[in-house]
Structure formats: C-alpha cells, structure tokens
Amino acid sequence: MEHGNRKVQYLVTLAISLAAVTTGACLTWTTAVIPKFYNNETNINITDAGISWMAAIASPGFVAGSLASRFVSDKFGRRTTLMSSALPIAVGSIATVSGSNIWFLCTARFLWGVGIGMVSTVSSIYLAEIADKDIRGSLTVANRFFVNFGIFLLLVIGPFVSYSTINYMILALPICYLVSCWLVPETPYYYLKEGKVDKARQVLKKLRGFKNEKILEDELSIMRSDVNKEMRRSGTVKELFTGKQYRKAVIIIGGLKIGQMMSGVIVIQHYLGRIMQDSRSDMNLATVFVVFGALRFVVGIMSSVIADKVGRRTLLVYSFLGTGLSLTLVAAYFFSQEVIKIEQTQLGPYAVIVFIGIILSNIISTLGYNSIVYAVQGEIFPLNVKSLAVTCLNIFGGTLNFIVTKTYQPLKDVSGVFGVFSMFTIMSFASVVFVYFYVPETKGKSLSEIQELLQGKYYVDGNEQESDVVNNDNDGTELKLLETKDTSR
C-alpha cells in the first residue's frame with residue numbers, strides 16, 4: 001500500500017511532544033530541588049517526612065488526571081484533552097512560584113500530577129490513532145524521548161540556578177504546549193467513533209498525504225470496518241475486566257506496569273541526590289545530574305529509532321534483564337556498607353559503583369521498557385475500551401508509584417538502602433520471566449491484527465456478527481450513523 005507523505009505525522013508528533021517536555025520537567029523537579037532543601041538554599045523549612053509526601057503526592061494527582069481524561073477524551077476528543085491538561089500544570093507552577101510552605105508544594109505537585117495523568121493517558125492513544133502501523137512504535141517512543149528531554153533540561157540547568165528560577169522555567173512550559181496542541185488535528189478514529197465520516201476523511205488525507213483518492217478511500221474503509229467491529233461492544237469497566245476478549249490485554253499491560261513501577265526507576269530518579277549522598281561518594285551532584293540527564297536524553301533518541309526495528313518484546317526482555325543486573329551492583333555496594341559494614345576508608349574508592357549501576361539502569365530502562373510500555377498500551381486495546389483501559393492502567397500505575405515512592409524512606413529506615421535496591425532487583429528479574437512467557441510481539445502489526453492476535457476466536461466470532469449489528473434498525477449507536485452518512489455521499 002502507498003505510504004503517502006508522512007511529514008504531517010512527524011510534525012504533529014513534534015507538537016504533541018512539547019507536552020511531553022513539560023511532563024518530564026515536572027517529574028524531575030523533585031530531583032533538582034530536594035538537594036536544595038537539604039542545603040538550605042530555599043526559604044522553606046521541610047523535613048524528611050515532608051519531602052516524602054511532596055515526592056509521592058503527584059501520584060494521586062496522576063490518578064485524578066487519568067480519571068478526568070477518560071471522560072474528556074471520549075466526549076470531547078483527544079486533542080481537547082491534551083489542551084485541557086495545560087491548566088492544572090500552569091496553576092501548580094504558580095503555586096511553586098508563590099508558595100512558602102510544604103502545603104503549597106504538595107498542592108503544586110498534586111496539580112502537576114493531574115496534568116501529567118491527562119497527558120500520559122491521551123498522548124499514547126492519540127499517536128497510536130494517527131500513525132501508520134510501521135512507524136507507530138517510533139512515534140510513540142519519540143514522545144517518550146521528549147519526556148527525557150524535559151528531564152535532561154531540568155537536570156542540566158537545575159543545579160546551576162536558584163530554586164525560584166526553576167519554578168519560573170516550568171511555568172512557561174504549559175503555555176507553549178497549549179499553543180502547539182491547538183494546531184494539531186483530532187484523530188480519524190475518534191471522528192469515526194462519533195460518526196463524523198467526512199471529518200475523518202479530511203484528517204486522514206492530511207495525515208497520510210495520499211494523492212490517490214482510491215487509496216485514501218480504501219484506508220478509510222479499513223478504519224471504518226475496524227471501528228465498527230470494536231464499537232459493537234460496550235466500553236464499561238465491567239466489560240473491560242470481565243470480558244474474555246480483553247483478558248489477555250489486561251494481564252499483559254498490568255504486568256508490564258508492575259514491572260515498570262516496582263523496578264524503582266522512577267523512585268531512583270526522585271531520590272538520586274540522596275542516594276549518592278548515602279553512598280558517601282565524593283562526586284559532585286551537579287555532575288551526577290548532568291550525566292544522568294544527558295545519557296537518558298541520548299538513549300531516548302536511540303529508543304525511538306529501534307522501537308520498530310528490534311521489536312517490543314525483545315526490548316522488554318533485555319531491558320528488564322539489564323536493569324536487574326545493573327541494580328544488583330548498587331545493592332551489592334550497599335550490602336557491603338550496611339550489612340558487612342566495611343570501613344568507609346576501604347569502601348570509598350568503590351562508591352562509583354553506585355553511580356555506574358544507576359546510570360546503567362537508567363540507560364537500559366530508557367532504551368527499553370520505560371519507553372516501550374507506553375507504545376504497547378496505545379496498541380493493545382480496541383477502540384471501544386481504549387481510553388477506559390489506559391485510564392484504569394494509569395490509575396493502577398499511579399497507585400503503585402505512590403506506594404513505592406512514599407514507602408522509600410520508611411523502607412530505607414527499616415532495611416537500609418540495600419533492602420530497597422534488593423526489592424527493585426528482584427522485581428526486575430521477575431519481569432523478565434513475565435515478558436518471556438506472556439507478552440507477544442506487536443511490531444509491524446495493524447491495530448486490528450493485534451486484536452486478532454490477542455482476542456483470537458472472540459475477535460473472529462465478533463466479525464462474523466458485524467453485518468447483523470450494523471444493519472440492525474433498532475441500533476441507535478454510531479455504527480448506524482456511519483452507514484447512514486456513507487450512503488448520503
């Protein structure tokens with residue numbers, strides 16, 4: 001099939017990715033400012049408990065944002081959801097600029113979480129629905145690359161500027177991406193779901209750049225058929241978790257999200273400065289942050305290139321394995337420091353092991369599962385439950401992230417840093433086993449082919465019933481509207 005001109009797809013991805021830059025900067029704010037709190041570089045007095053709440057409170061906000069985007073996305077569209085997410089991020093940024101106590105900071109972090117939840121829920125859906133199948137993974141992972149760019153931006157600049165300057169920088173970001181998202185089109189799948197066939201045709205022509213009208217109509221026909229098949233079922237929470245046709249997808253993405261959160265990569269990012277201080281390394285924290293952010297940024301470029309070349313499953317297996325091995329190095333160092341209690345004069349020269357282990361886990365997870373999970377979640381669910389499924393997934397992931405982030409300090413107090421990293425290591429290796437035995441490859445498959453792979457006979461049986469569903473005069477759904485609009489052309 002003719003590919004047409006994909007330039008618009010790349011430009012749209014670039015516009016959406018400005019939102020990803022903002023989320024990356026908001027996520028990394030704690031990494032940059034926590035050392036400033038401990039070094040008394042701000043006018044805010046804050047305890048260890050306050051810092052743990054400040055780091056963790058974004059996760060409930062993430063859950064709230066995911067819930068909000070579930071309804072906004074299906075009722076008003078993916079594009080509107082992306083634009084709406086700028087509001088809580090902007091208000092939260094104002095709170096950091098004007099706030100002078102921990103409650104202002106927790107409020108800001110919660111609101112940032114709301115915005116990040118909305119962006120994370122809808123961006124993977126949006127990109128999966130506008131992209132050609134053979135570049136879908138690259139575009140989705142490229143969006144994650146821009147998250148890494150936001151992380152890089154804050155880690156490189158943060159150590160060298162004041163606390164107030166960091167907050168003003170973040171305040172400018174949601175304004176920029178609100179403008180960029182205003183310029184992008186709605187997805188053709190959403191228009192078809194709403195029965196707006198003509199608008200879907202116009203958007204598809206713009207996105208694909210087809211010059212041959214027959215090829216355009218053929219692709220639109222395939223999309224309509226896919227929408228008809230997927231929308232014939234209800235999209236309720238009960239249907240998602242009890243429908244046998246969705247069971248495999250729910251287990252796959254739920255297992256991947258457990259591995260992603262429980263391997264500790266996000267928590268390590270929050271507490272990177274404190275972990276390096278606990279290792280008693282003499283490395284300058286500014287150097288640690290710059291190297292961490294720069295490598296993550298560079299690897300993010302590589303991940304967007306190889307996502308559609310190597311395959312999702314292969315990257316998942318080897319990235320979880322590599323992360324487990326890397327974190328083993330960190331756990332071994334803290335085992336020597338906290339359990340065997342080797343004198344620091346002897347252990348000090350080896351403190352660089354902590355830095356190497358964290359950097360390796362950062363590189364490997366960014367190249368693999370930390371990017372690929374978002375590509376998979378946009379591919380693996382059919383249209384009728386997609387936004388609901390991604391919302392539920394984000395709620396699940398946000399809850400896990402809150403638990404892991406909030407319990408980092410209490411767990412460290414009980415078992416030491418060694419105990420924390422041992423848990424992260426075990427979960428990484430367990431994820432390797434899960435992916436190897438349960439996760440299929442989705443590389444190079446259309447969205448309908450992925451559903452055939454996952455649903456099996458349930459998808460085939462549903463296809464055989466499609467014509468009966470569409471032609472049912474009593475049906476008042478979008479399916480009937482699609483057929484009516486088509487015959488009126």
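The values are calculated or read from the model by the stated rules, or taken from the named source; none is laboratory data. Remember, predicted model here, so these are calculated numbers, not experimental data. Glycine gets a Cβ as well: all are built from the backbone with ideal geometry, and neighbour counts include every protein chain shown. Keep in mind that these areas ignore ligands, DNA and RNA; they rest on the heavy atoms of the full protein, side chains included. Shrake-Rupley method; radii C 1.70, N 1.55, O 1.52, S 1.80 Å.
One table, with the values for the structure above:
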| item | result |
| --- | --- |
| Condition check for Lys206: under 22 Å from Lys7 (Cα atoms), touching a residue at least 12 places away in the same chain (Cβ under 8 Å) and out of contact with any helix residue (DSSP H, G or I) (no Cβ under 9 Å at 6 or more places or on another chain) | no |
| Helices (runs of 4 or more DSSP H) contained in region 333-430 and holding at least 2 residues closer than 30 Å to Leu454 by Cβ | 352-367, 369-379 |
| Some residue of region 131-140 being open to solvent by 20 Å² or more (accessible area, probe 1.4 Å), under 19 Å from Val72 (Cβ atoms) and part of a helix (DSSP H, G or I) | no |
| Which listed residue, of Lys206, Lys238, is open to solvent by 50 Å² or more (accessible area, probe 1.4 Å) and more than 26 Å from the chain's Cα centre (by Cα) | Lys206 |
| Boolean, Ser319 is surrounded by 22 or more Cβ atoms within 10 Å (Cβ to Cβ), touching a Phe, Trp or Tyr at 6+ places or on another chain (Cβ under 6 Å) and more than 27 Å from Val161 (Cβ to Cβ) | yes |
| Test result for Phe145, open to solvent by 50 Å² or more (accessible area, probe 1.4 Å) and not small (Gly, Ala, Ser) | no |
| Single residue of region 161-184 satisfying the filter (of a type in the set (S, T, N, Q) and part of a helix (DSSP H, G or I)) that is surrounded by the most Cβ atoms within 10 Å (Cβ to Cβ) | Asn167 |
| Out of Gly158, Gly150, sole residue that is within 30 Å of Ala286 (Cα to Cα), part of a helix (DSSP H, G or I) and within 16 Å of the chain's Cα centre (by Cα) | Gly150 |
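Here's the yes/no breakdown for (1) surrounded by 16 or more Cβ atoms within 10 Å (Cβ to Cβ); (2) out of contact with any Ser or Thr (no Cβ under 7 Å at 6 or more places or on another chain); (3) of a type outside the set (Val, Ile, Thr):
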| site | (1), (2), (3) |
| --- | --- |
| Gln269 | yes, no, yes |
| Gly273 | yes, no, yes |
| Ala286 | no, yes, yes |
| Val291 | yes, yes, no |
| Ala294 | no, yes, yes |
| Arg313 | yes, yes, yes |
| Ala332 | yes, yes, yes |
| Thr345 | no, yes, no |
| Leu360 | yes, no, yes |
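Residues are listed down the side, and each one gets a yes or a no for (1) within 30 Å of Gly357 (Cα to Cα); (2) modelled with pLDDT of 75 or more; (3) open to solvent by 30 Å² or more (accessible area, probe 1.4 Å); (4) more than 22 Å from the chain's Cα centre (by Cα):
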site	(1), (2), (3), (4)
Met427	yes, yes, yes, no
Ile450	no, yes, no, no
Lys457	no, no, yes, yes
Gln465	no, no, yes, yes
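Listed here are the residues, each with its yes/no results for (1) polar (S, T, N, Q); (2) modelled with pLDDT of 85 or more.
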site: Leu154; (1), (2): no, yes
site: Tyr168; (1), (2): no, yes
site: Pro188; (1), (2): no, yes
site: Lys193; (1), (2): no, no
site: Gln202; (1), (2): yes, yes
site: Ile215; (1), (2): no, no
site: Ile222; (1), (2): no, no
site: Val227; (1), (2): no, no
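To keep it simple, each residue is scored yes or no on (1) within 27 Å of Glu194 (Cβ to Cβ); (2) at pLDDT below 85; (3) within 19 Å of the chain's Cα centre (by Cα).
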residue	(1), (2), (3)
Asn5	yes, yes, no
Val8	yes, yes, no
Ser17	yes, no, yes
Thr23	no, no, yes
Thr47	no, yes, no
Thr96	no, no, no
Leu111	no, no, yes
Val114	yes, no, yes
